[in-house]
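What follows is one structure encoded as structure tokens, with my remarks underneath.
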Amino acid sequence: MAAYSAVTVFRHTLEQLLDSDQFSPHISKTQIISLHEKVCSLQSSLDKISFVPKLKRDKMKDLQNRIRDAIYAAQDAVDYWNRGHSPQGSGEKTMKKLEEDIKLVEEDAVVLEKEIRNDPKAENLFLAQPSFNFSGKDKIVGQEEDFKNVVEILVDDKHMLQVIPITGLPGIGKTTLARSIYDDKRIRNSFRLSIHSWVTVSQDVNYQELLSKILSSMESRGSQAGDHATQGDEDQLRVNLHQTLYHNKYLIVLDDVWDIMVWDQVRLSLPDNKNGSRILLSTRISILAETVRNSNFMHEMKPLGLKHNYKDDITNACLAHLKDTGRRIADNCKGLPLSITVIGGLLSRERLDPDYWKRIEQDTAGFAAIGDDSYMEILSLSYNNLPAYLKGCFLYMGAFPEDAGTRVSKLIKLCVAEGFFPKPSLPTQTMELVAHKALENLIGRNLIAISEKSSNGNWQR
Ligand SMILES: Nc1ncnc2c1ncn2[C@@H]1O[C@H](COP(=O)(O)OP(=O)(O)OP(=O)(O)O)[C@@H](O)[C@H]1O
Ligand SMILES: [Mg+2]
């Protein structure tokens, strides 16, 4: 939520000013303290608005716009005066007006929060902790046949290099399938690979970076093959890659390819030594999958439910009084794993509350038929249900490359530095702990995923 982030960032600016204890002649310390109080008060009122029901969303949007305007105006004025410029007209009057505007939007936020709280259908979801989770590596369901079909081609005795495309809608499970195949030790062993490599390609591709990524992610039998030269210009990297692969049997996964030109470039460095090497390539774009395949095999993923009755699994996992609603919600997800995991994450916030489940049933009933953009509806439903302070943090994740792991310790530091979170209420709590809890909340909602844990179970990526 841009409005919330604007408030947080401005609060930080004011705190930095107060810490530095240096004030321009045009703005006094007392004025900054007073402004800071208003901004903190606005932020804590916004923290209380954790869920906005559908009927109140327009009102909330309007309020957010006004908050943003008020905060930007105050921020501009403080920056301007702080850089030594003198205010136009009376500085005192301008400051009073800015404070009043912030106070006004805060009053409206308090009214809206009361309206939501008094609505029996809109309980505070903020404190609820996730207690069950539909996703996770060990809970992959319904992909047995997909797995078998792809593996069959992977390990068949054809010597020619084969490009195996996996295609399907966004969120249908292409990466999950490719990953479970890539990670399967039995396949690696039976396949007698000497080199394997996993690379997420995504949309903004820099060839040099991509070639270097393939080289640096290469693992050879039992150990990380760190001795490949991964630096150099594009031509050098191309040659390095070709030479490294030339005498080896390899499996390379190119996950999430968007552009045929990317493939055209990379394929030049992937030699075919007729030794049974394979390339697994996942893409949303079926025409791209058609183009890259070099046999008549291409794996097109279908929604769950055609082969696996996921609705029974979900119904069985629900408490008795929620089974019917749970089944209808599962129906609304139309077999798209992404919808099931994200909606599952949402429901896990309120495991017992039939009203809340009914509301999610209504919200999901409007989902369009499964298609290219249906996942956006699901994500926006989940996004709308986030508490304000998590919205900024969640949007911030968009700055990181898709499907690329990010170190949790780094992410926590960045989120704390960005000032997304309210100060902890207890002196024993640190900002890092608050950030950790926030990430836990997003993980519980299946909006972000842990890809790597340390041996003692701590999150790493
Ligand atoms: N068979 C499955 N069982 C359980 N969870 C699954 C399954 N397939 C996918 N998921 C979950 O659904 C979500 C989306 O899956 P995934 O990222 O594999 O989709 P995708 O097809 O690669 O999407 P995109 O086109 O965006 O790359 C993930 O959270 C994943 O954990
Ligand atoms: Mg994917």
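Report the residue count in segment 60-88 for those that are over 27 Å from Pro387 (Cα atoms) and not acidic (Asp, Glu).
Counting residues in segment 60-88 that are over 27 Å from Pro387 (Cα atoms) and not acidic (Asp, Glu) gives 11.
Look at segment 167-204 and say how many of its residues are within 16 Å of ligand 1 (Cβ to nearest atom), farther than 21 Å from Ser451 by Cα and buried (at least 17 other Cβ atoms within 10 Å of the Cβ).
So the count comes out to 3.
So that you can scan it fast, the table gives a plain yes or no per residue for (1) without any contact (Cβ under 8 Å) to a residue 40 or more places away in the chain; (2) away from ligand 2 (no atom under 16 Å from the Cβ); (3) over 30 Å from Ile329 (Cβ atoms); (4) assigned to a helix (DSSP H, G or I):
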{"position": "Leu386", "(1), (2), (3), (4)": "no, yes, no, no"}
{"position": "Glu432", "(1), (2), (3), (4)": "yes, yes, yes, yes"}
{"position": "Asn446", "(1), (2), (3), (4)": "no, no, no, no"}
{"position": "Ala449", "(1), (2), (3), (4)": "no, no, no, no"}
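Residues checked against (1) among the hydroxyl-bearing types (Ser, Thr, Tyr); (2) within 16 Å of ligand 1 (Cβ to nearest atom):
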| residue | (1), (2) |
| --- | --- |
| Phe400 | no, yes |
| Leu414 | no, no |
| Ala417 | no, no |
| Lys423 | no, no |
| Thr430 | yes, no |
| Leu433 | no, no |
| Gln460 | no, no |
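Name the single residue, out of those in segment 300-313 being out of contact with any Leu (no Cβ under 8 Å at 6 or more places or on another chain) and within 12 Å of ligand 1 (Cβ to nearest atom), that is nearest to Asn149 (Cα to Cα).
Glu300
Rundown of residues vs (1) more than 24 Å from Tyr383 (Cβ to Cβ); (2) of a type outside the set (Ser, Thr, Tyr); (3) modelled with pLDDT under 90, yes/no style:
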| residue | (1), (2), (3) |
| --- | --- |
| Val39 | yes, yes, no |
| Leu42 | no, yes, no |
| Lys54 | no, yes, yes |
| Leu63 | no, yes, no |
| Arg68 | no, yes, no |
| Tyr72 | no, no, no |
| Tyr80 | yes, no, yes |
| Lys93 | yes, yes, yes |
| Asp101 | yes, yes, no |
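Of all residues being under 15 Å from Leu288 (Cα atoms) and in contact with a strand residue (DSSP E or B) (Cβ under 7 Å, 6 or more places away or on another chain) in segment 159-191, which is nearest to ligand 2 (Cβ to nearest atom)? Just the residue, please.
Filtering first and then ranking leaves Lys174.
With the condition kept exactly as written, say whether any residue in segment 302-322 is within 16 Å of ligand 2 (Cβ to nearest atom), in a strand (DSSP E or B) and crowded, with 20+ Cβ neighbours inside 10 Å.
no
For segment 253-265: of the residues being touching a Phe, Trp or Tyr at 6+ places or on another chain (Cβ under 8 Å) and either in a strand (DSSP E or B) or of a type in the set (A, V, I, L, M, F, W, C) (or both), which is farthest from ligand 1 (Cβ to nearest atom)?
Residue satisfying both the conditions and the ranking: Val262.
If I filter segment 1-24 down to residues being in contact (Cβ under 8 Å) with a residue 60 or more places away in the chain and part of a loop (DSSP other than H, G, I, E, B), which single residue comes out as surrounded by the fewest Cβ atoms within 10 Å (Cβ to Cβ)?
Ser24
Name the single residue that is nearest to Cys333 (Cα to Cα) among those in segment 277-301 being part of a loop (DSSP other than H, G, I, E, B) and away from ligand 2 (no atom under 16 Å from the Cβ).
Among those that are part of a loop (DSSP other than H, G, I, E, B) and away from ligand 2 (no atom under 16 Å from the Cβ), it is Met298.
Does segment 341-353 include one or more residues that are among the acidic types (Asp, Glu) and under 15 Å from the mean Cα position of the chain (by Cα)?
No, segment 341-353 has no match at all.
Return the residues of segment 175-208 that are aliphatic (A, V, I, L, M) and in a strand (DSSP E or B); say none if nothing qualifies.
Ile195, Val199, Val201
Here is a list: Gly366, Gly398. Which entry is loosely packed, with under 15 Cβ neighbours inside 10 Å, among the small types (Gly, Ala, Ser) and at pLDDT below 80?
Only one candidate qualifies: Gly366.
Please identify the pairs in which a residue from segment 273-293 that is of a type in the set (A, V, I, L, M) has its Cβ atom under 6 Å from the Cβ atom of a residue that is away from ligand 2 (no atom under 14 Å from the Cβ) and part of a strand (DSSP E or B), counting only partners at least 6 apart or on another chain.
Correct list of pairs: Ile279/Val163; Ile279/Ile252; Leu280/Ile164; Val292/Val163.
Does segment 126-140 include one or more residues that are among the polar types (S, T, N, Q), modelled with pLDDT of 80 or more, within 28 Å of Gly345 (Cβ to Cβ) and within 16 Å of ligand 1 (Cβ to nearest atom)?
No, the conditions are met nowhere in segment 126-140.
Examine segment 303-316 for a residue that is in contact with a strand residue (DSSP E or B) (Cβ under 6 Å, 6 or more places away or on another chain), free of Cβ contacts under 8 Å to residues at least 60 places away in the same chain and not small (Gly, Ala, Ser), and state whether such a residue exists.
No, every residue in segment 303-316 fails to be in contact with a strand residue (DSSP E or B) (Cβ under 6 Å, 6 or more places away or on another chain), free of Cβ contacts under 8 Å to residues at least 60 places away in the same chain and not small (Gly, Ala, Ser).
The values are calculated or read from the model by the stated rules, or taken from the named source; none is laboratory data. What you are looking at is a predicted structure, and each value in this text was computed from that prediction instead of being measured. When we count neighbours, we look across all protein chains shown, and the Cβ atoms used for this are built from the backbone with ideal geometry, even at glycine.
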